[in-house]
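Report on the structure given below.
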């Protein structure tokens, strides 16, 4: 973290007051809401999040102790259905602008709310030039609602982290070199609950992350390998657990940072990538830097006639869902050396 001095402001009785104060920021300009709320006295008005932010974000601690993030905007937006933990309001102000408010009503979720606010503020920085930044902020919040429905603490378990790493490594090492940035990001459909992880006009890819020495991969449905025409490839991403001192090791956080760098010169592609990340359940946090891995290799298998798989048309009536394992040691006739 980096300690800097910034100009801070509060909004009080319609007037804005400013002063210089130290604050703590994450690398990458992520505002550390948790620390700033801890320093704030209740009912002291709304303090501007960042004087240099292109959007008018404020935050406050109400007398009741409830944390609030406020966006003052020129646009009225339709708010999503209310959650059990966060209240959302959009009201017109006396100056005819609109106040979009996010209020935490379950204090035990304060840490997650801080992350949510950090993410929304930074996302607002990236989409401030769009015609409807307030609408973009709402859509970002809806992604968060879905994320929190999956997990009480909003974090991916270790198996899900490894699966996500496998998809990101494929995106970095194969999709981006083969397709334009926007197309590469748009083709990553796994986070959207698609049957396969990557879908492009010429090829479809299903990604499976494997531990070194393992031979079996889990197929989650009868539809996952049910693609005709020889367009589907099963890609095994083989990884091993690494020592923190290994120069070739990486964490989930490291891979995400690398891809953000790859996309940074194409806003549309970066926005798509960030949306897919959040849909996959990823948020920036220290937890995802703790586990390190080494990439050993990619293995590609052509899922053509004869490849061992279960497909929907071959299942008896009455079977709703099927999960099974494929032993890749028995699939060597279908292994190919490259994607083509």
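The values are calculated or read from the model by the stated rules, or taken from the named source; none is laboratory data. Since this is a predicted model, take the numbers as computed values, not measurements. Note that we place each Cβ from the backbone using ideal geometry, even for glycine, and neighbour counts take in every protein chain shown.
Just a few scattered comments:
- Any hit, the range 172-186, residues being surrounded by 15 or more Cβ atoms within 10 Å (Cβ to Cβ), more than 16 Å from the chain's Cα centre (by Cα) and closer than 22 Å to residue 313 by Cβ: no
- Any hit, the range 290-307, residues being in a helix (DSSP H, G or I) and touching a residue at least 12 places away in the same chain (Cβ under 8 Å): no
- Just one of the listed residues (169, 192) is surrounded by 17 or more Cβ atoms within 10 Å (Cβ to Cβ), within 18 Å of the chain's Cα centre (by Cα) and either outside the structural domain of residue 82 (by TED's automatic domain parsing) or more than 29 Å from residue 315 (Cβ to Cβ) (or both), and it is 169.
- Selection within the range 303-315 - in contact with a helix residue (DSSP H, G or I) (Cβ under 9 Å, 6 or more places away or on another chain) and surrounded by 17 or more Cβ atoms within 10 Å (Cβ to Cβ): 303
- Residues that are surrounded by fewer than 19 Cβ atoms within 10 Å (Cβ to Cβ) and on the phi < 0 side of the Ramachandran plot occur in the range 119-126; there is at least one.
- Restricting the range 45-57 to residues that are part of a loop (DSSP other than H, G, I, E, B) and more than 24 Å from the chain's Cα centre (by Cα) leaves a set whose member that is surrounded by the most Cβ atoms within 10 Å (Cβ to Cβ) is 45.
- A count restricted to the range 74-93 and to residues that are touching a residue at least 12 places away in the same chain (Cβ under 8 Å) and more than 25 Å from the chain's Cα centre (by Cα) stands at 6.
- Residue that is surrounded by the most Cβ atoms within 10 Å (Cβ to Cβ), among those in the range 264-283 that are under 8 Å from the mean Cα position of the chain (by Cα) and assigned to a loop (DSSP other than H, G, I, E, B): 282
- The listed residue being assigned by TED's automatic domain parsing to the domain that holds residue 326 and at pLDDT 95 or above, out of 287, 206, 275: 206
- From the options 259, 234, residue that is at pLDDT 95 or above, over 13 Å from residue 171 (Cβ atoms) and in the same structural domain as residue 162 (by TED's automatic domain parsing): 234
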